[in-house]
1. Given Gly96, Gly78, Gly100, which one is closer than 30 Å to Arg398 by Cα and buried (at least 23 other Cβ atoms within 10 Å of the Cβ)?
2. Restricting the first residue to segment 466-489 and requiring it to be closer than 15 Å to Leu357 by Cβ, which pairs with a second residue that is among the hydroxyl-bearing types (Ser, Thr, Tyr) and surrounded by 20 or more Cβ atoms within 10 Å (Cβ to Cβ) meet a Cβ separation below 6 Å and a spacing of at least six or different chains?
3. Do you know which residues across segment 333-366 are closer than 16 Å to Gly152 by Cβ and more than 23 Å from the chain's Cα centre (by Cα)?
4. Select, from Val214, Val196, the only residue that is surrounded by fewer than 19 Cβ atoms within 10 Å (Cβ to Cβ) and assigned by TED's automatic domain parsing to the domain that holds Gly85.
5. Which members of segment 227-242 meet the condition of being more than 21 Å from the chain's Cα centre (by Cα), touching a residue at least 12 places away in the same chain (Cβ under 8 Å) and either part of a loop (DSSP other than H, G, I, E, B) or closer than 17 Å to Leu426 by Cβ (or both)?
6. If Asn408 satisfies every condition in (1) in contact with a helix residue (DSSP H, G or I) (Cβ under 7 Å, 6 or more places away or on another chain); (2) of a type in the set (S, T, N, Q); (3) at pLDDT below 65 but one, which is the exception?
7. Give the residues of segment 164-193 that are outside any helix (DSSP H, G or I), aliphatic (A, V, I, L, M) and surrounded by 15 or more Cβ atoms within 10 Å (Cβ to Cβ), sorted by residue number.
Amino acid sequence: MAGVRPGPDAGGTEAQPVRWGLPLAVLIAGMFMSILDVSIVNVAIPTIQKDFGTTTDDVQWVATAYTLALGVVVPLSGWLGDRFGMRRVYTLSVLGFAAGSALCGVAWSLDSLVAFRIVQAIPGGIVPVVTMSMVYLIVPREKIGTAMGMYGLGVVFAPAVGPTLGGYLVEYVDWRLIFFINVPIGVLGAIAAALVLPKIGDGRGGRLDVWGFVTISSGLFALLLALSEGQDWGWNSYRVLMLLTYSALSLALFVVIELEVDQPLLDVRMFRYWQFTNSLVLIGLMSVALFAVLFYIPLLLQQGQNLGAFETGLLLLPQALVMGVMMPIAGRLYDLIGPRWPAMIGLGIVAVGTYLLHDLTLDASREHIMWLLAFRAVGMGLAMMPIMTGGMAAVPQRLVSRASAFNNVVQRCVAALGLAVLTAVLTRQQAQQLADRSALVPTTVTPPTVGAPGAPPTAGLYAMFQQTRLRVFVAAMDDLFLITAAISALGVIGALFLRSELAKALAGRAQSPAAQPEESKEPRPARPGPVGSRA
């Protein structure tokens, strides 16, 4: 499989033949490792809490600290790749992720583990951004659908397979192995990257847009912190409202700064490309649909049906395998017919599959749940990569690394925002349904005293209360699946506006010897201003 090697400006104008199959495999391996770690750690949270003897609120910072660090580093990733060269940044990031994983594995307390998770998150946030950028610069445009279909194994397959692998390691080996396993993979991946990946760019990117970085990183940090802690602190609490207000002001200031500076950290003018903007909206909707099910179905299985971590992971494994099969197929379909039809059909399947989940009860068979998840995974695997690829293909090559950063920011933030909103809805639904059931109990009847003749035993009352609480939880969860199904159905409408002819047009342009990058015809005038002296 041969493609083009970008020239010194990383814009593809000096094309040289390069084989892209093996470099793509190396990139996928590194990116798969970094994304897998996000979901695999969640399974180990209860065991880590027991091992360190800490509270539930405190141990959640193992996951929260990682997410907050990602919000800071992801916007910077595109600039780092342009400034220091993508191969170098990718190689060092993979090594850094392995080193951070080793530190997490030897953590001696919760505080040290949280600190090492931040260290691990810095390279962990850079790897996916640089990986996507390199894929678009290495692979020829007429083959980008196939390549992104393989790339999608990390984006969607890794989070889905994480609970299975993590459940086995936690239940039968040791939770520290979920970190140590990254060390040999990271070292081998870095060696392979140094030997196989082509050099992209000469590392002469522009100077850092300091104020742009400060505003977007602090704004995303505040937003993610509010979303992570809103349930515990209270959505109407002073801290959460202040964080949300600061986030909104900071992100608005970021947009103003980026429109004024000559070398923006993330060029917000990319949103004038409707195909790219539409793809970000659809990616956000799909991220909510994906992570809502990945979060709530394990709760149903473990709390409602008393399954262990590994058993739950095994039940979720078929959907991961289905996604893994569908991703390459979706990539080939993109190369043949473009993104519109795979996206519409895929999102339609996701909507139907999610709607069917809303009838689940505590007594639902595991096989029924497994088949519904597998059916839904067909749509997820069919739609995700064509949507992402179609949006990125509409962006000029000089903006690919920044577009990749936007993609990752949307995936992280929208998934967190969606889960926070859905959890708030779930809590309100539970409270309302418990109140409704309590209202059915006659207030004029005095229950017998516990221990009196004819009175139910204390254990029986507690069991009845627990059963009622679980049934209310599942009923509220079913309502969330209805909401998620409606969100997926909205995505079908958005997919109608994807341009299926774009893939063929770009492929033809890439094959033409006289092809010129789109951005070369659109010189961007300098706009000096009070903020815009070179950052």
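The values are calculated or read from the model by the stated rules, or taken from the named source; none is laboratory data. In this text, all values refer to a predicted model and were calculated from it rather than measured experimentally. Neighbour counts run over all protein chains shown; Cβ positions are idealised from the backbone, glycine included.
1. Numbers: Gly96 fails: buried (at least 23 other Cβ atoms within 10 Å of the Cβ); Gly100 fails: closer than 30 Å to Arg398 by Cα.
Step by step, each of Gly96, Gly78, Gly100 is checked, and only Gly78 is closer than 30 Å to Arg398 by Cα and buried (at least 23 other Cβ atoms within 10 Å of the Cβ).
2. Partner pairs satisfying both residue conditions: Met477/Tyr296; Phe481/Thr354; Thr484/Thr354; Ala485/Thr354; Ser488/Thr354.
3. Leu333, Asp335
4. From the options Val214, Val196, the qualifying one is Val196.
5. Those that are more than 21 Å from the chain's Cα centre (by Cα), touching a residue at least 12 places away in the same chain (Cβ under 8 Å) and either part of a loop (DSSP other than H, G, I, E, B) or closer than 17 Å to Leu426 by Cβ (or both): Asp232, Trp235.
6. (3)
7. Ile181
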